[in-house]
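Structure first, then comments.
The values are calculated or read from the model by the stated rules, or taken from the named source; none is laboratory data. Since we're looking at a predicted model, the values are computed, not measured. Please note: Cβ atoms are built from the backbone with ideal geometry, for glycine as well, and neighbour counts cover all protein chains shown. Accessible surface is based on the protein model in full, side chains and every heavy atom, while ligands, DNA and RNA are left aside. Shrake-Rupley method; radii C 1.70, N 1.55, O 1.52, S 1.80 Å.
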Amino acid sequence: MDKQINQAVEETYDRLIAVSPPGDAAVTAYRDALSGALLAAKAPVIGKLVEACALTFTKVELEDINRFYVSSSGKAWLEKGRVIMLPVLEKAVDDVAPQVAADVERRFCAKIDCTPAKASPPSPRKDRTL
């Protein structure tokens, strides 16, 4: 979670610095404020997740889940899931998104009697890492 917070803060900083006058202290102040606010929000988010887990799973289920994630297979799942599987999933979603959008428009127009717009090429997506 810390890595995602830091990445979001730095991406915001990079966008702001690109359009700000050189040496603008407000950009750095904003980055620091954003970082502090996001880090402060981390504890309540984790608290809500813990509450949800306690309501959703039994003690035995949580122990079994924990046992899996501390095992070598669980650790491999976590690492490979982030590094290999998540990018594959994101690419699969990106690849199908234009067809889904076109299908939604086609279905919508069929219901209200309109003509779907011509498909535009997909916009490039910046690669993300976790």
task: Within the stretch 99-116, track down each residue that is open to solvent by less than 100 Å² (accessible area, probe 1.4 Å) and among the β-branched types (Val, Ile, Thr).
output: Val100, Val104, Ile112
When residues of the stretch 88-98 are limited to those that are over 15 Å from the mean Cα position of the chain (by Cα) and surrounded by 11 or more Cβ atoms within 10 Å (Cβ to Cβ), the one nearest to Lys118 (Cα to Cα): Pro98
task: Looking at (1) modelled with pLDDT under 85; (2) under 20 Å from the mean Cα position of the chain (by Cα); (3) open to solvent by less than 80 Å² (accessible area, probe 1.4 Å), find the lone condition where Arg82 falls short.
output: (3)
Yes/no for Pro44 being open to solvent by 70 Å² or more (accessible area, probe 1.4 Å) and either outside any helix (DSSP H, G or I) or of a type in the set (Ser, Thr, Tyr) (or both): no
query: Among the residues of the stretch 122-129, is any modelled with pLDDT under 90, open to solvent by less than 100 Å² (accessible area, probe 1.4 Å) and closer than 19 Å to Met1 by Cβ?
result: yes
message: If I ask for residues that are free of Cβ contacts under 8 Å to residues at least 12 places away in the same chain and either surrounded by 10 or more Cβ atoms within 10 Å (Cβ to Cβ) or in contact with a Gly (Cβ under 7 Å, 6 or more places away or on another chain) (or both), which ones from the stretch 11-27 would you list?
response: Glu11, Asp14, Arg15, Ile17, Ser20, Asp24, Ala26
- request: Go through (1) in a helix (DSSP H, G or I); (2) farther than 20 Å from Met1 by Cα; (3) hydroxyl-bearing (Ser, Thr, Tyr) and name the single condition Thr115 misses.
  value: (1)
message: For the stretch 52-60, check the following and say yes or no: at least one residue is within 16 Å of Thr12 (Cβ to Cβ) and of a type in the set (Ser, Thr, Tyr).
response: no
task: Only residues that are open to solvent by 80 Å² or more (accessible area, probe 1.4 Å) and of a type in the set (S, T, N, Q): list them for the stretch 47-77, please.
output: Thr56, Asn66, Ser72
